[in-house]
Amino acid sequence: MNAEATPCDEVLETLRLHAKRITEPKRAVVQVLVDAHEHLTAEEITQRAQVLRGDVSPSTVYRILEELEDLSLAVHSHAGHAAAVYHLTGQSHGHVTCESCHVTFEVSSDSFNRLARELMDTLGFELDRHHVALSGLCAHCRATIH
């Protein structure tokens with residue numbers, strides 16, 4: 001990969017190295033994930049991919065997301081009963097979701113690692129941070145409620 005490679009190029013190159021075909025819908029989904037400044041549902045990814053490339057079906061998006069997850073290029077997490085949200089892998093982090101406004105925030109790996117160690121030490125419980133978000137109220141919603 002050359003010095004001019006974009007994050008999108010890097011993900012696509014990893015797919016190529018694993019003998020995966022690079023289709024226009026796949027390019028669109030990867031570009032959407034690279035450009036996202038937030039975690040997105042599959043529906044949101046589909047809508048944004050359709051803006052980039054036209055007709056990209058939801059089933060195609062789900063297959064692409066599964067392929068990206070199988071190669072550890074993307075992960076999803078669940079926040080309560082809400083739809084799963086996806087993002088590209090990068091620096092490890094956890095998620096907290098506001099029960100009122102439904103915004104998901106990233107929490108540093110250090111904070112989540114401390115919690116994971118505490119759960120393991122006290123309960124013998126191994127936390128799977130990639131598939132769950134802790135829920136509560138964000139500062140803004142707490143201020144409006146009180």
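A short reminder: the numbers here are calculations on the coordinates, not readings from a lab. Treat the numbers as computed from the prediction; the structure is a model and nothing was measured. Glycine gets a Cβ as well: all are built from the backbone with ideal geometry, and neighbour counts include every protein chain shown.
Simple spin-label model, 7 Å along Cα-to-Cβ: LEU134 to ALA82 in nm?
About 1.6 nm separates the two model spin labels.
Pull up the DSSP beta bridges for the chain and report the antiparallel fraction as a percent, rounded to 5.
Numbers: 11 of 14 bridges.
Of the beta bridges lying entirely in the chain, close to 80 percent run antiparallel.
Given the Cα-Cα distance of ASP121 and VAL34 and 0.36 nm per residue of separation, how much length would full extension add, in nm?
Result: 27.7 nm gained on full extension.
From the P(r) of segment 93-145, can you give the percent of Cα pairs sitting at distances over 18 Å?
Result: 38 percent of Cα pairs exceed 18 Å.
Can you grab the distance from the C-alpha centre of segment 98-122 to the C-alpha centre of segment 6-36, Å, no decimals?
If you average the Cα positions of each part, the centres end up 29 Å apart.
At 222 nm, what helix-only mean residue ellipticity would the chain give, in deg cm²/dmol to the nearest 500, using -39500 (n - 2.57) for each DSSP H run of four or more?
That calculation yields -15000 deg cm²/dmol at 222 nm.
Can you tell me the mean projection area, over all orientations, of the convex hull of segment 7-88's alpha carbons? Units nm², please. Intermediate values should be presented prior to the final figure.
Details: hull surface 19.8 nm².
That works out to 4.9 nm².
Any idea what log10 I(q)/I(0) is at q = 0.12, 0.14, 0.20 Å⁻¹ for the chain, Debye with uniform C-alpha scatterers and no solvent?
Taking Cα atoms of the chain as identical point scatterers yields -0.58, -0.75, -1.21.
Expressed in nm to one decimal, what extension gain is obtained for the pair GLU24 and THR89 from 0.36 nm per residue of sequence separation less their Cα-Cα distance?
That works out to 21.3 nm of additional length.
For the chain, what's the relative contact order in percent, using C-alpha pairs closer than 8 Å and at least 6 residues apart?
18 percent
How far, in nm, would the chain grow between VAL103 and GLU10 when pulled straight, counting 0.36 nm per residue and subtracting the alpha carbon separation?
30.6 nm
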